[in-house]
Amino acid sequence: MEAQTNSMSYSNDMLSYEGFRATVLADYKTAALSREVSLLGRREVLTGKAKFGIFGDGKELAQIAMAKFFKPGDFRSGYYRDQTFMFASGLATVEQFFAQLYADPIEGHDPFSGGRQMVSHFATKFVDDNGNWLDLANRKNISSDIAPTAGQMVRALGLAFASKCFRNTPALQQLDNLSHNGSEICFCTIGDASTSEGHFWETINAAGVLQVPLAVFVYDDGYGISVPKAHQTTKASISEALKGFQKKDDTNGINIYRVKAWDYAGMCEVFEDALQKVRDTHIPAVFHIEEVTQPQGHSTSGSHERYKTAERLEWEREWDCLKKAKEWITANGIATNEELDTLSEEVKELVKQEKNAAWEKYLLPIQAQVQHATTLVGSMMVNDIDVYNHLQKMANDLKGNKEPMRRDVLHTLALALEAAPTSPNYEEVKTYYNQLLAENKQLYNSHLYNEGIKSALKVQETKPFIPFDAPTVNGYEVLNKYFDELFANNPKVFAFGEDVGYIGDVNQGFSGLQEKHGANRILDTGIRELTIVGQGIGMALRGLRPITEIQYLDYLLYGLQPLSDDVATTHFRTRGLQSCPLIIRTRGHRLEGIWHSGSSMGMMINALRGIHVCVPRNMVQAVGMYNTLLLSNDPGIVVECLNGYRLKEKLPTNLLEYTVPFGVPEIVKQGNDITVVSYGSTLRIVQEAAERLSKETIDCEIIDVQTLLPFDIHHLIVASLKKTNRIVFVDEDVPGGATAYMYREVMELQGGYKWLDVNPRTITAKAHRPSYGSDGDYFSKPNAEEIMSVIREMMAE
Ligand SMILES: Cc1ncc(C[n+]2csc(CCOP(=O)(O)OP(=O)(O)O)c2C)c(N)n1
């Protein structure tokens, strides 16, 4: 490794030799500290104080070099190897790192996830406690890490794309808390093996097309756990495989760089120039960081001796970046071996102290619980000596537990309550037990959605105003008029997706609006649902309000992974540090054939807890749902009725103001004989069936649930059931899909079973997808005759 002192121009301090020397030694110290964290972290897992460890050893120098050019306003979308980057950027302390390793749930201890994520899954705060976006343009920002490999890629695209939106939208220039003219880079890190995922390729292609300030760093340590890159990557080299994406003077594309993980000076030099270019020009870059080692192997789950050859292990020892840094520093006379060893000793001590501090802080509140619980249990009065001895043993066992957990305290209290139900102290113990249960609920089960004023459930209802002489228009025209007003009114709103821009979406909701509001705000995208979702995620995290279109509900599957793994968990996994108010607009339910009539609502409500799932029966309701979502910080998906765009609706006059309350069903027809619960397109079939049944004097009450997540929060359905004593759930999902979910909500959570006179029923589509054509629809999805026949049976029962 050659001395490249001329490459050190990134800091004014570096201009003097003393400044240069101080920087090099500070960097070495950070690298050594981070390495010590990895070594001690692994030991904590192996000795049983933590469950699982995954660390960044071998990647220290690269991350120190990267962190030098990570500026306030920038974002990182990375993965679990980046502890050194976090330390070097001043965004994590060693104590916080260990707090996360111990899964410490107490506020502030693990400031990345509140003890909810495995170690090395970082985040910084994006929103304040009232849900307002912080001055992200002046902070270094870490979007919350997720474990699914390459999952960070699609979000990274959106974080970078947001810079483009800020730069190209004059009305956003005043939001200088969120951006300084779009000069923010998204740093994205990924392991070499994870580039095998489609997420990587779709992101790189989209970035090359969109020209966004995305900097992707691929750490190439040659393996994905045990599988070598020969089995992962064409030509066993990601930079070779990417060559066709290389930007040329007259094309779009990306710039590709190759650096070595042990070459501190070389990396600093390349990163400095290349990242400035990304910032200025928005041309994306990929940095292939080669010759990375992994001294401790992949994670605490196994040892790399199982799959690396003796030669490889020897090579890794020789090319360890810390060893090479030391050689370079001494060879260039910057410091002696002894000086560096002293530094290493200092950081060893420091890491030990911070680790111990984290452990003590983690243990302290549990010890207080142990103390209180053992006192309570030990002093429970009972007549039976055996029971008494049993209680004393329980208390002593808990007291003797050196590494007690919250569950151990509850377990002991529960056992004591079971053993001594007649003790006079029973109620006191029970009260403490319940108090701890409530505390732990807050620690472990909260924040799935926003809980403060930015919760969608807190949005006040405003009814649509439809004067008697309101014009009757096609459903799509309701949306078109609404979106026109919305885009004129709110500069943070963007809409994009396949065919959304130039033609204004396949059903004309945005027809004519790109021309009016600009191609920077209403955009076409490639056919790439996964990164369409990612594009929206990144924008939403940065305080914009994307309406992200998935052309047909059937194709949501392509974008489901980031919705489920990332969006649905953002608020929960950061314990409210970050919100992702992404709006997915899509259209579904019955139309034609196997792939244009999907209504996979059961799949969605199971995969998307953490996202509101809205199923409007018409476009007027859909508009109210968009308004509710835009007033909140919660993410939501709105499934418009694919067969509803040309149905006639009355146009409200207060399009931008009215809201639909979430979790509040609407009784669309009053009746006394049977409650029929449905939503979306099927509702119209139900209405037809009810109309015809009324001639047989069967009086149906029809309820539109409006939102599946949340579901009937005020229990209006059971109130209807109390009146009718019969209930049927109808939709066009598979048997046991969303109808089973609604059934459980009403029977179990609302206690509906108490009010039944006859067996409750569900009517659904068939298990297979519909054949093409109207007959395919009729014989596959619920039809009016089928609904009538089930209701007649129920009335006769
Ligand atoms: C979608 C998904 N598949 C599998 C895994 C299990 N897994 C975790 S890390 C890993 C290997 C990743 O290797 P690489 O991308 O090279 O990163 P490294 O860990 O070597 O830094 C695998 C297969 C996962 N987390 N997510």
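The values are calculated or read from the model by the stated rules, or taken from the named source; none is laboratory data. Fair warning: this is a prediction, and the values are worked out from it, not measured in the lab. Positions of Cβ are generated from backbone atoms using ideal geometry, with glycine treated the same way; all protein chains shown enter the neighbour counts. For the accessible areas, the whole protein counts, side chains as well, though only heavy atoms, and no ligand, DNA or RNA atoms are used. Shrake-Rupley method; radii C 1.70, N 1.55, O 1.52, S 1.80 Å.
Points to keep in mind about this one:
- With 10 Å bins from 0: P(r) over the range 111-235, alpha-carbon pairs, percent: 12, 35, 33, 15, 4, 0
- Once you divide the Cα radius of gyration of the range 172-217 by 2.2 N^0.38 Å, the number left is 1.43.
- Whole-percent carbon and sulfur share, accessible surface of the chain, 1.4 Å: 52
- Inter-label distance, nm, simple model (7 Å from Cα along the C-beta direction), Q371/H714: 4.8
- Volume in Å³ per residue [convex hull over Cα atoms, computed for the range 305-378]: 155
- Kirkwood hydrodynamic radius (C-alpha pairs) into Stokes-Einstein, the range 256-403, 10 °C and 1.306 mPa s, D in µm²/s: 74
- Across the cross-link table entries K51/K402; K140/K492; K326/K352; K164/K243; K361/K454; K352/K402, which are compared at the Cα atoms, the separations over 27 Å belong to K361/K454.
- Neighbours of G151, meaning other residues whose beta-carbon lies under 10 angstrom from its beta-carbon, give a summed charge of -3 when Lys and Arg score +1 and Asp and Glu score -1.
- Cα pair distances in the range 713-785, grouped into 5 Å bins until the bin that holds the longest one, percent each: 3, 17, 23, 19, 15, 11, 8, 4, 0
- Whichever lysines have a C-alpha closer than 21 Å to that of K722, once near sequence neighbours (fewer than 8 apart) are set aside: K669, K754
- 22 Å Cα-Cα reach of K308 towards lysines, excluding residues that sit fewer than 8 places from it in its own chain: K59, K229, K235, K260, K323, K324
- Difference of contour (0.36 nm per residue) and Cα-Cα distance, A740 to L175: 198.8 nm
- The gain in end-to-end length when the Q670 to R407 segment is fully stretched comes to 89.8 nm, 0.36 nm per residue minus the alpha carbon separation.
- Hits among aspartates and glutamates - C-alpha to C-alpha of K766 under 14 Å, sequence gap 8 or more where chains match: D731, E732, D733, D775, D777, E786
- With each label modelled as a point 7 angstrom along the Cα→C-beta vector, the Y753-V227 pair spans 4.6 nm.
- Exposure of I453 as accessible area (Å², to 10), given a probe of 1.4 Å and all protein chains: 120
- Positive-end extreme of charge dipole, the range 110-214 - chosen from T169, Q152, A193 (charges on Cβ): T169
- For the range 253-325, a Kirkwood hydrodynamic radius built from all Cα pairs, placed in the Stokes-Einstein relation at 10 °C and 1.306 mPa s, yields a translational diffusion coefficient of 112 µm²/s.
- Fraction in percent of alpha-carbon pairs per bin - 10 Å, the range 624-698: 14, 38, 33, 13, 2
- Sparsely packed loop sites in the range 153-256 (the trypsin sites (Lys or Arg not before Pro) outside DSSP H, G, I, E and B with at most 16 other Cβ atoms within 10 Å) comprise K248.
- Relative contact order of the chain, taken over Cα pairs closer than 8 Å and 6 or more residues apart, is 11 percent.
- Mean projected area of the convex hull spanned by the Cα atoms of the range 49-133, taken over all viewing directions: 6.0 nm².
- Cα pair count fraction exceeding 22 Å, expressed as % - the range 218-292: 30
- The translational diffusion coefficient of the chain, from Stokes-Einstein at 37 °C and 0.692 mPa s with a Kirkwood hydrodynamic radius over alpha carbon pairs, comes to 112 µm²/s.
- Mean accessible surface per residue for the chain, computed with a 1.4 Å probe while every protein chain stays in place, in Å²: 39
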